[in-house]
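A.B. asks: Here it is, the structure, as structure tokens.
The values are calculated or read from the model by the stated rules, or taken from the named source; none is laboratory data. Please read all numbers here as calculations on a predicted model, not as lab measurements. Cβ placement follows ideal geometry from the backbone for every residue including glycine, while neighbour counts extend to all protein chains displayed. Just the protein is used for accessible areas: all its heavy atoms, side chains included, with ligands, DNA and RNA removed. Shrake-Rupley method; radii C 1.70, N 1.55, O 1.52, S 1.80 Å.
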Amino acid sequence: MGLIAGTAAHLARTQLQRRRAARDEAEVVSACRLLVGLLRVGQVPGGALQLAAAESPVLAEAAAAQRAGGSVAEVLRAGAVRPGQAGLSELAVAWELAERTGASMTSALDSVVERQAAASGVAEVVASELAAPRATGRLLAVLPLAGLALGFAVGGDPLSFLLGSMVGQVSLTAGVTLACVGVLWTDWLARPGVR
């Protein structure tokens, strides 16, 4: 039972991590769009960052660094290592470019938003395409329960064999182990980026 619970906990944790990363990725795109909009209406980059941070928590650390006189680009780069927030590194490059050269951030942020939105769209398509293999792997793991039900339906007692004899216990342990390994392997194979 511990193996089944551990497998279920691992799957739940990875699913939660995927959802958080997707949410953070969408938030980064939204924050960049908001920054572009604020810059287009005449806000200076520092003011735009402060206003955008009020609505986009992903920019809060950068806004705090700017208020304290720190490097916004460094804080953005540090945030970019978190899952789903890789787009912050492109924002950091655009911010640094604007600071060094005095160039407008609008065009640089436009291209950042376009790339991030395209990458986010691809990630959504990949996730939806990989949902079927994941579901199939989980279905295959549950199929032995249907076999037990079928054994009872034809008048047998598969549980007394599985729990009452050494061969049955070894078979049950091996079957549960292989089913859990199969589910984890299928989930691993269906991760984006696995070749």
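A.B. asks: Out of region 124-175, which residues are open to solvent by less than 90 Å² (accessible area, probe 1.4 Å) and either touching a strand residue (DSSP E or B) at 6+ places or on another chain (Cβ under 6 Å) or not in a helix (DSSP H, G or I) (or both)?
C.D. replies: GLY155, GLY156, ASP157, SER165
A.B. asks: Same structure again: Pairs please, first residue from region 139-154 and of a type in the set (A, V, I, L, M), second anywhere and assigned to a loop (DSSP other than H, G, I, E, B), Cβ atoms under 9 Å, 6+ apart in sequence or on different chains.
C.D. replies: LEU150/GLY156
A.B. asks: Let me ask something else about it. Among the residues of region 55-66, are any closer than 15 Å to ALA98 by Cα and at pLDDT 85 or above?
C.D. replies: We begin by selecting, within region 55-66, every residue closer than 15 Å to ALA98 by Cα; these are 66.
Right, trim to at pLDDT 85 or above and you get 66.
Checking region 55-66: at least one residue is closer than 15 Å to ALA98 by Cα and at pLDDT 85 or above.
A.B. asks: Which one of ALA127, ALA92, ALA174, ALA123 is within 30 Å of GLN66 (Cα to Cα) and among the small types (Gly, Ala, Ser)? Before you say what the answer is, go through the steps one by one.
C.D. replies: Numbers: ALA127 fails: within 30 Å of GLN66 (Cα to Cα); ALA174 fails: within 30 Å of GLN66 (Cα to Cα); ALA123 fails: within 30 Å of GLN66 (Cα to Cα).
That would be ALA92, the only listed residue that is within 30 Å of GLN66 (Cα to Cα) and among the small types (Gly, Ala, Ser).
A.B. asks: Mind checking which residues of region 97-112 are surrounded by 14 or more Cβ atoms within 10 Å (Cβ to Cβ) and of a type outside the set (Gly, Ala, Ser)?
C.D. replies: LEU97, GLU99, MET105, THR106, LEU109, ASP110, VAL112
A.B. asks: Still on this structure, please answer the following. Looking at region 176-187 only, could you name the residues that are touching a Ser or Thr at 6+ places or on another chain (Cβ under 9 Å) and either open to solvent by 50 Å² or more (accessible area, probe 1.4 Å) or in contact (Cβ under 8 Å) with a residue 40 or more places away in the chain (or both)?
C.D. replies: Kept after step one, since they are touching a Ser or Thr at 6+ places or on another chain (Cβ under 9 Å), are these residues of region 176-187: 179-181, 183-184, 186-187.
Once the filter is applied, which keeps residues that are touching a Ser or Thr at 6+ places or on another chain (Cβ under 9 Å) and either open to solvent by 50 Å² or more (accessible area, probe 1.4 Å) or in contact (Cβ under 8 Å) with a residue 40 or more places away in the chain (or both), region 176-187 yields CYS180, VAL181, VAL183, LEU184, THR186, ASP187.
A.B. asks: So, one more: Name the residue, out of ARG40, ARG115, ARG82, ARG20, that is open to solvent by 20 Å² or more (accessible area, probe 1.4 Å) and at pLDDT below 85. Break it down stepwise before answering.
C.D. replies: Numbers: ARG40 fails: at pLDDT below 85; ARG82 fails: at pLDDT below 85; ARG20 fails: at pLDDT below 85.
Just a single option satisfies the conditions, and that option is ARG115.
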